[in-house]
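The structure appears below as structure tokens.
The values are calculated or read from the model by the stated rules, or taken from the named source; none is laboratory data. Nothing here was measured: the structure is a model prediction, and the numbers come from that model. Note: ideal-geometry Cβ built from the backbone for every residue, glycine included; neighbour counts use all protein chains shown.
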Amino acid sequence: MKIHVENLNSRIETDNPELLKALYELYSFNVPGARYSPAYKRRQWDGKTHFLTKSGVFKTGLLSRLLADLKKIDCTPEVIQNIRMPDLQHSDHEIPGFTYYNYQEDLISQGLDNKRGIIKSPTGSGKTLIMAGLIKALEGRKMVILFNAKQLLTQTYDFLTEACGMDNVGLCFGEGYIYGDIMLCTVQSVERILDTHLEEAEVLMVDECHEFSNGKTTLAALRSFPKAVYRLGFTATPPSEDIPRYNLEGALGGVMQSVGTADLVDEGKLTKPIIQLIDRPYEASGVDEDLGFLDVYEDYIVSNESRNNIIKEIVNDIRRTNEKARILILTKSLDHGRTLKELVGGSVEFLEGANSIGERYDCISRFRGSDESSVLIGTKILQTGVNIEEITHFINARGMKSEIATLQALGRALRRHESKDVVYIYDFLDKEKYLSDHSVARKRHYEREGHTVKIL
């Protein structure tokens, strides 16, 4: 067996059709909801996503996974590298004014040595500095760094240019454009740089790359830039589901990890969380056993008076014992957020996606600078890209089961600050159908990160 490796797609050459058929099945996964598709009903589609074709073609980022699977059956193929390698001498990655932790040095080295892969590093571990170190080491090459949100792009641009003193850094988003050989670009604006960077970029980096693992636009961006030998993603939470995980690894490569959240807590680089799951019975009036998930979620979470009053009690208890508490509450819906804002009262801020950048800044500034205990309520907008080190308490009011959403939200609260030694996390053991499974999943996510979970 031979494997011909190209930069984007690679190919298996073998005279064993049965092995190729077995690999085809191994790298196939059922698409959720496929049975409702007209193509599936007409038997024009098998309802699966295939990451290796019947002829043996696959995304090059899956090479290491494929070689590991072949090793299990004592198959060691000849790997033929057909990638045209540019001059790959690395520059010094040191940045004046910054000192890397050992795990940051390790991840920078792994990125440079492997050339492609997903750098997994917990929220609050300094992923932006790791990215900056890689940029510094690869300076002189055309680079594209993709973001899924303007706010993350502008934060990174300011860090690279102001804190790190880098020049030749450009940016591209909606209404903004500055040319540079190092081009920071939102995925929504990527077409605007294709004429200058598509064929010339040797480096592709992707911030919060888990956000790119589904969707035609984001996947197309990941699979572009055919001469980018370095293809690196950054995330605290790689997707665990098969299809998003293989999408991401196919475009970028396997996961590289040097340190976990619990390790950083033990080393004093993140704040120790006290995670508490509230186990209290509460009911909703008029609930029908046949209700679907959305109706159950509305009745038992969004508009549930008993559950919302428990959140109010928690806030009041915190306010009585901590005059400088900074309490973050996350909801899934705007309606739930507005309900909780009215319910908890006092010094409370509510942030939503419709707010301008200036309004968001003012809102967070008031939350941080209040002379009394203050509350900040928001939706997904506060899950990523917002750094508020002062958070002392976090209440997950939204439930849900997503590992990414759970750990991203937790990471908002773990950042170190002189005002706190620990951070208190409040979550729910919801008991209704659907919601019970979600609670169990969140508990499992916390424990997998090495955290102790208490039941209240």
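Overview of results
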quantity	calculated
Strands (runs of 3 or more DSSP E) fully within region 155-203 counting 1 or more residues that are farther than 18 Å from M131 by Cα and either touching a strand residue (DSSP E or B) at 6+ places or on another chain (Cβ under 9 Å) or in contact (Cβ under 8 Å) with a residue 24 or more places away in the chain (or both)	169-173, 176-178
Any hit, region 281-299, residues being part of a loop (DSSP other than H, G, I, E, B), modelled with pLDDT of 90 or more and under 30 Å from the mean Cα position of the chain (by Cα)	no
Residue identified as under 20 Å from P273 (Cβ atoms), in contact (Cβ under 8 Å) with a residue 40 or more places away in the chain, part of a helix (DSSP H, G or I) and of a type in the set (V, I, T) among I404, I388, I425, I329	I404
Hey, E372 in contact with a helix residue (DSSP H, G or I) (Cβ under 6 Å, 6 or more places away or on another chain), outside the structural domain of R245 (by TED's automatic domain parsing) and assigned to a loop (DSSP other than H, G, I, E, B) or not	no
Lone qualifier among S125, S189 - being within 24 Å of R245 (Cα to Cα), buried (at least 19 other Cβ atoms within 10 Å of the Cβ) and among the hydroxyl-bearing types (S, T, Y)	S125
Candidate set from region 375-385 (those that are assigned to a strand (DSSP E or B) and in contact with a Gly (Cβ under 9 Å, 6 or more places away or on another chain)); member that is farthest from G399 (Cα to Cα)	V375
Of residues in region 359-388 being modelled with pLDDT under 90 and of a type in the set (S, T, N, Q), the one farthest from K420 (Cα to Cα)	T379
Given (1) touching a Pro at 6+ places or on another chain (Cβ under 6 Å); (2) part of a strand (DSSP E or B), number of the condition H210 does not satisfy	(2)
Members of region 342-367 found to be closer than 16 Å to I318 by Cα and part of a helix (DSSP H, G or I), listed by number	L343, V344, F367
R415 being surrounded by 20 or more Cβ atoms within 10 Å (Cβ to Cβ) and either touching a Pro at 6+ places or on another chain (Cβ under 7 Å) or not in a strand (DSSP E or B) (or both)	no
From T406, T452, residue being surrounded by 22 or more Cβ atoms within 10 Å (Cβ to Cβ) and either closer than 21 Å to P239 by Cβ or out of contact with any His (no Cβ under 6 Å at 6 or more places or on another chain) (or both)	T406
In region 9-44, the residues that are of a type in the set (A, V, I, L, M) and touching a helix residue (DSSP H, G or I) at 6+ places or on another chain (Cβ under 6 Å)	A34
Candidate set from region 138-184 (those that are under 20 Å from N387 (Cβ atoms) and acidic (D, E)); member that is surrounded by the fewest Cβ atoms within 10 Å (Cβ to Cβ)	E162
Selection from region 222-277 of residues that are more than 29 Å from T392 (Cβ to Cβ) and touching a Cys at 6+ places or on another chain (Cβ under 7 Å)	G233, L248, L252
Which listed residue is touching a residue at least 24 places away in the same chain (Cβ under 8 Å) and either surrounded by fewer than 17 Cβ atoms within 10 Å (Cβ to Cβ) or among the aliphatic types (A, V, I, L, M) (or both), from D335, D371, D317, D362	D335
